[in-house]
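What follows is a single structure, written as C-alpha cells, with notes after it.
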Amino acid sequence: MAVRSTDSGLLDQYFQDISDSKPLDSTSECELARRIQLGDRDARNELVSANLRFVVRLATDLQGCGMDLEDLISAGNVGLITAAERFDPERGVKFITYALWWIRQAILKSLSQDTRTVRLPANRVKLLNSITQISREIQQKTGVEPEDADVAQILEVPVDRVREMLMWSRELASLDQPTSGEDAQARMPLNVIPDDRQVAPDYEVSDESDHQQLVMALASLEDREAHVIREHYGLVDDDPKTLGAIGKNVGLTKERIRQIKEKALRKLRHPRHRDWLDPLRESIA
C-alpha cells in the first residue's frame, strides 16, 4: 500500500489503480472483519483496498503541510491497515467511521516527525480560533465547559464541524507532547499556521457514484430547500454559509432559513437516501 515516488506519473497510475474500488456494505465489512480476526491477510487486504480512496481524500486535505502528497497517502495507508486489523465488527459502526481516526493520526504523526510546522487551511484556523474563543468566554461566564452544540449554535455552523475541529486540535496537541526520555524544553513546538494556498474539501464528494446519489437526493427537494442545503454545507463551492447569510441573499429571515433547512434534512434522512447520506453524515447530522 506504499506510495513513494517523486514521479507524478506513478502517482497518477496509483489513482487510476484505486479508481474502481467501491465502498463495501456493512455486511461485507463485518464478514471481512471476522476473517481478519482469524488472521486472514487476504480479507485485510480486501477491506483496505475498498477504502483507499478515503485516504487520498484526507491526504489531499493536508497537501501543502510540508510533505509530498504521496508520503501523506503512504502514512494514511498505514493508519488504514491498522484500523483494519483492530476493527471490531460487533460495534455496529461503519468501518470507515472507525478508520478515520487511525488514518488522521497516522498522517499527523508522520507530519510531526517530518516538520515542526503543520499548515492548515486558513478557514480552518479561523474557525478553530473562533471555537476556542467562544468556549473560553462561555466557561468564564458560567464556570462550566460549554457543549459542542452550544458553540455550534453561536457560530452558526454544523455541530459536527465543531467536533471535527476540536478533534484536529486535540490530535495535533497530543502529537506535540514529548515522548518518554525527551527533554520537553529542548523540543520545538508543533505550530499550526494558516495556509492560504489550501482549500479544504470538507464536503467534497470524490466518488462519482456518491455524487450521482447526492444529485438525486437533492433533486427530491424543493428548489429552495436544495439551495439552502447546498449553501449551508458548502456542497457546491466548499464555502459553507451561515443561515443568516443565506437568508440575507434570498430575502428571508434567519429563522425561516433554519426551518427550511430542518425540513430538508428530515426529507434527506429518509432511508432511500441512506447510501449517500452515510458518507456525509458528519457534515449534516
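Each residue in the range 110-145 was checked for being small (Gly, Ala, Ser), modelled with pLDDT of 75 or more and part of a helix (DSSP H, G or I), and 3 pass. Residues of the range 70-106 that are outside any helix (DSSP H, G or I) and either in contact with a helix residue (DSSP H, G or I) (Cβ under 8 Å, 6 or more places away or on another chain) or farther than 18 Å from GLU31 by Cβ (or both): PHE87, ASP88, LYS94.
Answer with yes or no whether ASP20 is in the same structural domain as ILE96 (by TED's automatic domain parsing), surrounded by fewer than 16 Cβ atoms within 10 Å (Cβ to Cβ), farther than 22 Å from LYS109 by Cβ and at pLDDT below 90. When the stated conditions are applied, ASP20 passes them.
Within the range 42-63, how many residues are more than 10 Å from PRO23 (Cα to Cα), out of contact with any Pro (no Cβ under 7 Å at 6 or more places or on another chain) and among the polar types (S, T, N, Q)? Result for the range 42-63: 2.
The values are calculated or read from the model by the stated rules, or taken from the named source; none is laboratory data. Not measured: the values here are computed from a predicted model. Don't worry about glycine lacking a Cβ; one is built from the backbone with ideal geometry, like all the others, and counts go over all protein chains shown.
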